[in-house]
Amino acid sequence: MPVVPMQSILKHAFDNRYGVGAFNIVDWVTMDAVLAAAAETKSPVIVQVSVKTVKVMGAKLIRVMFEEMAGRVPVPATLHLDHCPDRRVIEECIAAGWSSVLFAASKLTYEDNKSQTREVVELAHRHGVAVEGELEAVRGVEDGVGSAEQGAVVALDKAVAFIRETGIDSFAPAIGTAHGMYKGAPKINFTRVSEIVAAEPVPLVVHGGTGLSEETFQDLIRRGAPKVNISTQLKITLADGYRKYLAEKPSEYDPLKLLGAVKRDLVAQVAYFMRVFGSEGKAA
Ligand SMILES: [Zn+2]
């Protein structure tokens with residue numbers, strides 16, 4: 001299918017209370033695997049890319065590759081830039097025709113974050129690009145972004161004012177999830193999701209999806225958080241996939257067989273998440 005806007009994928013998922021996985025890709029194999037899993041489960045899908053990967057591959061190459069690969073699968077797919085504090089990179093992705101960006105301005109003061117996010121939204125919307133906003137840093141550093149400690153949680157009325165006044169398309173609240181691996185069972189603030197959505201019906205985003213239970217995902221999705229980010233688990237599946245294949249076949253040198261085996265592991269992992277999030281069969 002041709003690339004679909006983020007707004008339409010999130011709106012349908014939010015209105016019908018199912019989740020859409022946003023899977024971080026790092027190369028051709030991971031992008032291919034995420035799209036193949038979406039085709040297999042007939043799921044809409046968000047292909048997500050970190051700034052670090054954009055710096056390696058370039059915004060244009062990723063966009064061209066995505067357009068071609070998304071065109072080969074019969075499901076709605078959209079291309080999103082993960083946590084980006086650098087407005088030049090955001091502008092580069094918008095110019096290259098990406099679908100959506102996360103402007104990560106939680107290090108700024110509340111007022112500066114609001115005014116800068118509003119500027120990013122104005123530019124993005126002129127190009128039909130969606131913007132995800134955040135007020136509080138998600139705990140745990142991911143690809144050089146984020147903070148080690150959970151900062152203060154912004155009061156509900158200020159969070160709602162931020163959503164309304166910036167015009168963001170989705171909002172990533174701090175709800176006790178964290179990037180990377182959880183050391184203990186996370187304490188999730190489910191109520192905050194319900195409170196924000198009751199005050200302002202905007203699709204919310206779950207960061208730090210790796211390691212959450214199926215029940216936690218489904219509860220958050222039902223409350224109004226349809227975008228669920230998965231990055232760490234795919235890094236693990238990717239690295240383990242290479243290790244396993246190379247250990248099992250020490251005299252095999254066909255790179256396409258190696259990449260094919262890694263892709264199969266990734267497809268199984270991504271398809272599992274799609275079924276848990278309830279996006280299976282929602283591609284129509
Ligand atoms: Zn994140």
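I'd like the Karplus ³J(HN,Hα) series for region 126-132: coefficients 6.51, -1.76, 1.60, θ = phi - 60°, whole numbers in Hz, and an x wherever there's a Gly or Pro.
Here the 3J(HN,Hα) series is 4, 9, x, 9, 7, 10, 9 Hz.
Find the Cα radius of gyration of region 1-90, compare it with 2.2 N^0.38 Å by division, and give the number to two decimals.
Numbers: Rg = 12.8 Å, N = 90, 2.2 N^0.38 = 12.2 Å.
Cα Rg divided by the expected 2.2 N^0.38 Å: 1.05.
Please find, in a Gaussian network model of the chain (springs between Cα atoms separated by less than 10 Å), the residue of ARG223, ARG17, ARG243 whose mean-square fluctuation is greatest.
Answer for the Gaussian network model of the chain: ARG243.
Under a 5 Å amide H to amide H cut-off, with H placed in plane at 1.01 Å, what residues pair with HIS80 once short-range neighbours are removed?
VAL47, GLN48, VAL49
If you average the alpha carbon positions of region 22-40 and of region 202-279, how far apart do those two centres end up, in angstrom?
9
For region 50-66 and region 78-126, write down the distance between their C-alpha centroids in whole Å.
So the two Cα centres are separated by 16 Å.
Under 17 Å Cα-Cα from LYS263, which lysines qualify once same-chain neighbours fewer than 8 residues away are excluded?
Counting by Cα, and skipping residues close in sequence, LYS263 has these lysines nearby: LYS235, LYS244, LYS249.
Run the Debye formula on the Cα coordinates of region 136-280, all scatterers equal and no solvent, and tell me log10 I(q)/I(0) at q = 0.11, 0.15 1/Å.
Results for region 136-280 at q = 0.11, 0.15 Å⁻¹ read -0.51, -0.82.
Each residue of region 38-51 in turn: what ³J(HN,Hα) in whole Hz from Karplus with 6.51, -1.76, 1.60 and θ = phi - 60°, glycine and Pro shown as x?
These are the phi-based 3J(HN,Hα) values: 5, 5, 4, 9, 6, 10, x, 8, 10, 8, 10, 9, 7, 4 Hz.
What 222 nm value per residue comes from the helices of the chain, counting each DSSP H run with n ≥ 4 as -39,500 (n - 2.57) and dividing by all residues, nearest 500 deg cm²/dmol? Please report the intermediate quantities before stating the final value.
Values: 11 runs with 142 residues, N = 284.
Helix-only estimate at 222 nm: -16000 deg cm²/dmol.
Within region 1-119, how many Lys pairs that are eight or more residues apart, or on different chains, come under 24 Å at the alpha-carbon? Spell out each step's value before the answer.
On the way: LYS11/LYS42; LYS11/LYS114; LYS52/LYS60; LYS52/LYS107; LYS55/LYS107.
Final tally of qualifying lysine pairs is 5.
For the chain, modelled as a Gaussian network with Cα springs under 10 Å, which listed residue fluctuates most, GLU134, GLU252, GLU67?
Highest fluctuation among the options: GLU252.
May I ask for log10 I(q)/I(0) of region 58-190 at q = 0.13, 0.20 Å⁻¹, from a Debye sum over the Cα atoms as equal point scatterers with solvent left out?
The calculated log intensity ratios at q = 0.13, 0.20 Å⁻¹ are -0.60, -1.17.
How are the alpha carbon pair distances in region 85-128 distributed across 10 Å bins from zero to the largest one, expressed in percent?
Result returned by the calculation: 29, 55, 15.
Give the dimensionless ratio obtained when the Cα radius of gyration of region 171-210 is divided by 2.2 N^0.38 Å. Present the calculation step by step, with values, prior to reporting the outcome.
Working: Rg = 10.9 Å, N = 40, 2.2 N^0.38 = 8.9 Å.
Against the empirical 2.2 N^0.38 Å value, I get 1.22 for region 171-210.
Considering the chain, what Rg and Dmax in Å follow from its alpha-carbon atoms?
Values for the chain (Cα only, Rg and Dmax): 18.0, 62 Å.
Whose amide H sits under 5 Å from the amide H of ALA105, counting only residues 5 or more places off or on another chain, with H placed in the peptide plane?
Residues meeting the amide H criterion: GLU134.
Given labels modelled 7 Å from the Cα in the Cβ direction, how far is it in nm from ASP112 to ALA268?
It works out to 4.8 nm between the two label points.
Can you list the HN-Hα couplings for region 244-249, worked out from phi with the Karplus curve (6.51, -1.76, 1.60; θ = phi - 60°), rounded to whole Hz and with x for Gly and Pro?
For region 244-249, the Karplus curve yields 5, 4, 5, 6, 6, 10 Hz.
Can you tell which of PRO201, PRO255, PRO226 shows the greatest fluctuation in a Gaussian network model of the chain with Cα springs below 10 Å?
Top of the fluctuation ranking is PRO255.
If the cut-off is a Cα-Cα distance under 14 Å, which aspartates and glutamates reach LYS257, setting aside same-chain residues fewer than 8 apart in sequence?
List returned: GLU248, ASP265.
Near the amide H of GLY176, under 5 Å away, which other amide H atoms are found, from residues 5 or more places off or on another chain, if H is placed in the peptide plane?
Counting only residues 5 or more places away or on other chains, the set is ASN189.
Trypsin sites (Lys or Arg not before Pro), restricted to region 152-191: which are DSSP loop and have at most 15 other Cβ atoms within 10 Å? Walk me through the numbers before you get to the answer.
Numbers: sites: LYS158, ARG164, LYS183, LYS187; in loops: LYS183, LYS187.
Counting only loop positions with at most 15 other Cβ atoms within 10 Å, the trypsin sites (Lys or Arg not before Pro) in region 152-191 are LYS183, LYS187.
To the nearest whole percent, what portion of all C-alpha pairs in region 40-95 is separated by more than 18 angstrom?
Details: 517 of 1540 pairs.
Tail of P(r) above 18 Å: 34 percent of Cα pairs.
Where a number appears in this text, it was derived from the coordinates with a stated rule and is not lab data. Computed from a prediction, not measured in an experiment: that's the story for all the values here. All Cβ positions, even for glycine, are placed from backbone atoms using ideal geometry, and neighbour counts span all protein chains on display.
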